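J.: Below you'll find the structure I mean.
The values are calculated or read from the model by the stated rules, or taken from the named source; none is laboratory data. Keep in mind the model is a prediction, meaning the values are calculated, not measured. FYI the Cβ positions are ideal-geometry reconstructions off the backbone, even for glycines, and counts take in every protein chain you see. Protein only, heavy atoms only, side chains kept; ligands, DNA and RNA dropped before computing areas. Shrake-Rupley method; radii C 1.70, N 1.55, O 1.52, S 1.80 Å.
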Amino acid sequence: MRMVLFMAVVANSADLLATTLGIHFYGNREGNPLLAGLAHNHWWLFVLIKGALVPFLIVRLDSYRRGSPILATLGIILIVIILTVAVGQWIGWMAARNYLAAHTSL
């Protein structure tokens, strides 16, 4: 279970990094779909939430394993899956943008 908890925190960090690259270096004005307005208008607040509050909530969810182990474990696994898919979408979007920019006049 510790490995899944570690993967959740790492996936969140990777999502924050991919969001940073996508918004600031590649010009994606959509950004993180759930926190798009915050990411564009209040960047430091977005980094605080994504970089500090989300890992705290993941660790807090892990502490609930004593009371309801199945529900807490499923919640952490769901977080890992969602964040991994989000990072994959960012990487795919950036790769497609690089490919198109290299083959067209973008």
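J.: For n ≥ 4 DSSP H runs only, could you compute -39500 (n - 2.57) per run for the chain, divide by its residues and tell me the 222 nm figure to the nearest 500?
T.: Result for the chain: -23500 deg cm²/dmol, rounded to the nearest 500.
J.: On the accessible surface of region 1-98, probed at 1.4 Å, how many percent belong to carbon and sulfur atoms?
T.: The computed percentage sits at 72.
J.: Can you tell me the 0 to 90 degree angle between the C-alpha axis of helix 54-63 and the longest principal axis of the chain, rounded to 10?
T.: Computed tilt is about 20 degrees.
J.: Counting only trypsin sites (Lys or Arg not before Pro) that sit in a DSSP loop (anything but H, G, I, E, B) with at most 15 other Cβ atoms within 10 Å, what is the longest stretch of the chain containing none of them?
T.: After excluding every exposed loop site, the longest remaining stretch is 67-106.
J.: Right, another one. Any chance you could give the angle, 0 to 90 degrees and rounded to 10, that helix 69-103 forms with the longest Cα principal axis of the chain?
T.: Value to nearest ten degrees: 10.
J.: Just to confirm the number: angle between the C-alpha axis of helix 2-20 and the first principal axis of the chain, 0 to 90 degrees, nearest 10?
T.: The helix 2-20 is inclined about 20 degrees to the chain.
J.: When ranked by the protection proxy of mean other Cβ atoms within 10 Å per residue, highest first, what sequence do the peptides 4-15, 37-48 form?
T.: Averaged packing, sorted descending, gives the order 4-15, 37-48.
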